[in-house]
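Q: Below you will find the structure I want to go over with you.
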């Protein structure tokens, strides 16, 4: 339940302190409640303008309003067509996280629920994040921390974002154009096999894969393995409703990294991809060049 003075804060945003004691770039913010401990009801504004980043609030007191904005031109008119997903760190505590919209507050993540580290998503048009510190006499050892990602609702890969569609994943095959774009723009891509399906959660399974060729990877998802390090091994998350088939059949394996975890994207049989890619090259419609040999 909201305390009356918290609601008063949200309805009196003109009185918000604009001066914030913090270290910040356009993507991440790190601050301390000790900078205004004598003014425990102060509210500070934080502005973040990247597609992903993090927030870390040490010794939280008062409240902060986190304004997340995509790094796009205002004239695009797509600000309200963006989803925000945040993932609390499992050590995060000391505050409640609300959505604030036109003076109304709706609880998004309670203090005790942050330890679960579960991802929460919402449409940006539903408001800004209002992070309220829990009043307490001892603020030591309290840190509120989370990561965030912005997902444009009309981006080509939005339907593959795992946390937006956990309850309605259909695992439909990617279209030819989606496959060609995936091999060029995904966070990782390569040619390989599914080895083992490992226990995961009720939302996803974990699949061990071996790549015989790695086209590219955004981070260290795959590590060299095999004789003379000629292959690559790693683990990929697969939404629970989707079925993969371990064996020697080769696939084009593409996917994305979300909150440090790799998720499988388009994954057609590699021989089908080779045919599709060759046709695109002959027609001059391939969006990028891949060394398939």
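Q: Which numbered condition trips up residue 227, out of (1) within 24 Å of the chain's Cα centre (by Cα); (2) surrounded by fewer than 16 Cβ atoms within 10 Å (Cβ to Cβ); (3) at pLDDT below 90?
A: All conditions pass for residue 227, except number (1).
Q: Only residues that are surrounded by fewer than 16 Cβ atoms within 10 Å (Cβ to Cβ) and modelled with pLDDT under 90: list them for segment 197-223, please.
A: 197, 198, 199, 200, 201, 202, 218, 219, 220
Q: Another one. Any residue in segment 239-267 that is under 20 Å from residue 220 (Cβ atoms) and not assigned by TED's automatic domain parsing to the domain that holds residue 222 sitting within a Cβ distance under 6 Å of a residue that is at pLDDT 90 or above and in a loop (DSSP other than H, G, I, E, B)? List the pairs, counting only those 6 or more apart or interchain.
A: Final answer for the pair search is none.
Q: Select the strands (runs of 3 or more DSSP E) contained entirely in segment 182-273, then report the ones holding at least 2 residues which are over 29 Å from residue 54 (Cα atoms).
A: Output list reads 188-198, 204-217, 223-225, 231-239, 251-258.
Results for (1) touching a strand residue (DSSP E or B) at 6+ places or on another chain (Cβ under 7 Å); (2) at pLDDT below 90, shown as yes or no for each residue.
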{"residue": "98", "(1), (2)": "yes, no"}
{"residue": "103", "(1), (2)": "no, yes"}
{"residue": "112", "(1), (2)": "no, no"}
{"residue": "118", "(1), (2)": "no, no"}
{"residue": "127", "(1), (2)": "yes, yes"}
{"residue": "144", "(1), (2)": "yes, no"}
{"residue": "173", "(1), (2)": "no, yes"}
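Q: Still on this structure, I have one more. List pairs: first residue in segment 33-50 and outside the structural domain of residue 71 (by TED's automatic domain parsing), second residue surrounded by fewer than 14 Cβ atoms within 10 Å (Cβ to Cβ) and at pLDDT 65 or above anywhere in the structure, Cβ distance under 8 angstrom, at least six positions apart or on different chains.
A: Correct list of pairs: empty, since none qualify.
The values are calculated or read from the model by the stated rules, or taken from the named source; none is laboratory data. In this text the structure is predicted, and so the values were computed from the model without any measurement. Counting neighbours? That spans all protein chains shown, and the Cβs are built from the backbone with ideal geometry, glycine included.
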